[in-house]
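Take a look at the structure set out below.
The values are calculated or read from the model by the stated rules, or taken from the named source; none is laboratory data. Quick caveat, the model's predicted, so the values are computed rather than measured. Cβ coordinates were reconstructed from backbone atoms using ideal geometry, including for glycine residues, and neighbour counts include every protein chain displayed. Protein only, heavy atoms only, side chains kept; ligands, DNA and RNA dropped before computing areas. Shrake-Rupley method; radii C 1.70, N 1.55, O 1.52, S 1.80 Å.
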Amino acid sequence: MALRLCTDRVLRHPHTRRAVVLLNTPFTSPPPKLFWELWQASELRLCADGGANRLYGLDPGGERALPHVIKGDLDSVDPEVAGFYSGKGVSVISDQDQSTNDLDKCLKHLQSCLLYTSPSPRDS
């Protein structure tokens, strides 16, 4: 209940900039309805490379969910999934820096998008 109230406030606040970073973690939580609400309300949607596989598993046709960016060392993303999203215009960005994990890479990308640009998260 507390999570729902907090989420409702975030989703309804008119001046909140929202982003979602999807990791390679099974969907046991959050519930799918909450995930879709957060996904749709976010202006920037990123997948760490294996997170793209999880998203594709939720929406194999890409009808509901396309990330703006898939970023990481790309060791976890299925090549067919990466190709599918790339074919839909999603930026698939390889970052082979092994001193950072895929979440760090996505957060760095998110920071650069939110601090330095507004036009399109696909441009970075």
(request) Taking the residues in the stretch 56-79 that are in contact with a Gly (Cβ under 9 Å, 6 or more places away or on another chain) and outside any loop (DSSP other than H, G, I, E, B) as candidates, determine which candidate is surrounded by the fewest Cβ atoms within 10 Å (Cβ to Cβ). (result) Tyr56
(message) Anything in the stretch 32-44 that is free of Cβ contacts under 8 Å to residues at least 40 places away in the same chain and open to solvent by less than 70 Å² (accessible area, probe 1.4 Å)? List them, or say none.
(response) Leu34, Phe35, Trp36, Glu37, Leu38, Trp39, Ala41, Ser42
(message) Residue under question is Val20, and the condition is that it be in a helix (DSSP H, G or I) and at pLDDT 85 or above; does it hold?
(response) no
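Does Ala82 count as touching a strand residue (DSSP E or B) at 6+ places or on another chain (Cβ under 6 Å), within 18 Å of Leu107 (Cα to Cα) and assigned to a helix (DSSP H, G or I)?
Here the answer is no, as Ala82 does not meet what is asked.
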(request) Return the pairs, sorted by first residue and then second, in which the second residue is among the polar types (S, T, N, Q) and not in a strand (DSSP E or B), the first residue lies in the stretch 80-99 and is within 18 Å of Gly62 (Cβ to Cβ), the beta carbons are less than 8 Å apart, and the residues are 6+ apart or on different chains. (result) Val81/Asn53; Ser91/Ser124; Val92/Ser86
(message) I need the full set of residues from the stretch 86-115 which are open to solvent by 40 Å² or more (accessible area, probe 1.4 Å), assigned to a helix (DSSP H, G or I) and under 14 Å from Cys47 (Cβ atoms), in order please.
(response) Ser86, Leu103, Leu107
